[in-house]
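The values are calculated or read from the model by the stated rules, or taken from the named source; none is laboratory data. Nothing here was measured: the structure is a model prediction, and the numbers come from that model. A quick note on method: Cβ atoms are made from the backbone with ideal geometry, for glycine too, and the neighbour counts reach across all protein chains shown.
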Amino acid sequence: MTVWDSLLKIVTATGNALAGVVEAVRTLFEGDPETRRRVAFSVAMIALSAKMAKADGIVSEAEVAAFRDIFKFPADQAKNVARLYNLARQDVAGFEAYAEKMASLCASCERNCPILEDIVDGLFHIAASDGVVHEKEFAFLLRVAEIFRMDEARFQRIMARHVHAEGRDPYQVLGVSPKDDFAEIRKRYRVLVSENHPDMLVARGVPEEFHAIATDRMAALNAAYEAIERERRAA
């Protein structure tokens, strides 16, 4: 069963209540944790993207393009994705209550849950697609990260990949300091590359259809490391 078949099953079973969609993820796939993780990620990205668009009040063409860049859904599933997106936008429930429900689906509700970080990363990708993360979008992202129990350092590292008016700070992207020895920076870079390898994303429940997020992330990590390496060699 594909992610999109699973989403269709959820939307068909839950009618017009977003809370019902979230609960369906928990119950319909109780005996299939792998599918549950994949569907939970998909639902979270679609619905929270919709909530963020509503919070900002403006949906630009660039944001729509970024949404489609992340969501590589088949043409015959467009109506199902649009139905869930519109359901989230129209739902009277606040995004905070919904984010809390999604956080509860993380394997053990631990701090810095990797799949919840993937969701925040994808939301940043959409928010920054028009060249700037607006004030209301940033407040939305910050609050979602808090609900997801993401620590400030990780949030700052994700933000550094997407918000860089004067160019990306390679040290912030890798979560290291200019004072760090290059051997430590290289070690940190290798850990990040290992954690964000496509196989690792699959293992933690990120569907293959959403790997544009990982591609952008890896490109930013590689560029940051190469920039620091050039700087150290020049010095």
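Working only within segment 203-226, note down all residues that are over 14 Å from the mean Cα position of the chain (by Cα) and closer than 20 Å to residue 43 by Cα. Selection gives 203 alone. Inside segment 194-223, residues that are surrounded by 15 or more Cβ atoms within 10 Å (Cβ to Cβ) and in a helix (DSSP H, G or I) make up a count of 12.
Which condition breaks for residue 228 when tested against (1) assigned to a helix (DSSP H, G or I); (2) crowded, with 20+ Cβ neighbours inside 10 Å; (3) at pLDDT below 90? Unmet condition: (3). Once segment 69-89 is narrowed to residues that are more than 22 Å from residue 136 (Cβ to Cβ) and loosely packed, with under 14 Cβ neighbours inside 10 Å, the residue that is modelled with the lowest pLDDT is 72. The numbered conditions (1) part of a helix (DSSP H, G or I); (2) surrounded by fewer than 20 Cβ atoms within 10 Å (Cβ to Cβ); (3) of a type outside the set (Gly, Ala, Ser); (4) over 22 Å from the mean Cα position of the chain (by Cα) are all true for residue 185 except (2).
If only residues of segment 126-152 that are at pLDDT below 90, surrounded by 15 or more Cβ atoms within 10 Å (Cβ to Cβ) and of a type in the set (Val, Ile, Thr) are counted, the one that is farthest from residue 51 (Cα to Cα) is 133. For segment 102-125, the tally of residues that are over 22 Å from residue 195 (Cβ atoms) and at pLDDT 85 or above stands at 0. Within segment 130-144, at least one residue is touching a residue at least 40 places away in the same chain (Cβ under 8 Å), outside any helix (DSSP H, G or I), out of contact with any strand residue (DSSP E or B) (no Cβ under 9 Å at 6 or more places or on another chain) and on the phi > 0 side of the Ramachandran plot. Select from segment 166-182 the residues that are of a type in the set (A, V, I, L, M) and either free of Cβ contacts under 8 Å to residues at least 12 places away in the same chain or part of a helix (DSSP H, G or I) (or both) and write down the one among them that is surrounded by the fewest Cβ atoms within 10 Å (Cβ to Cβ). Here the residue is 174.
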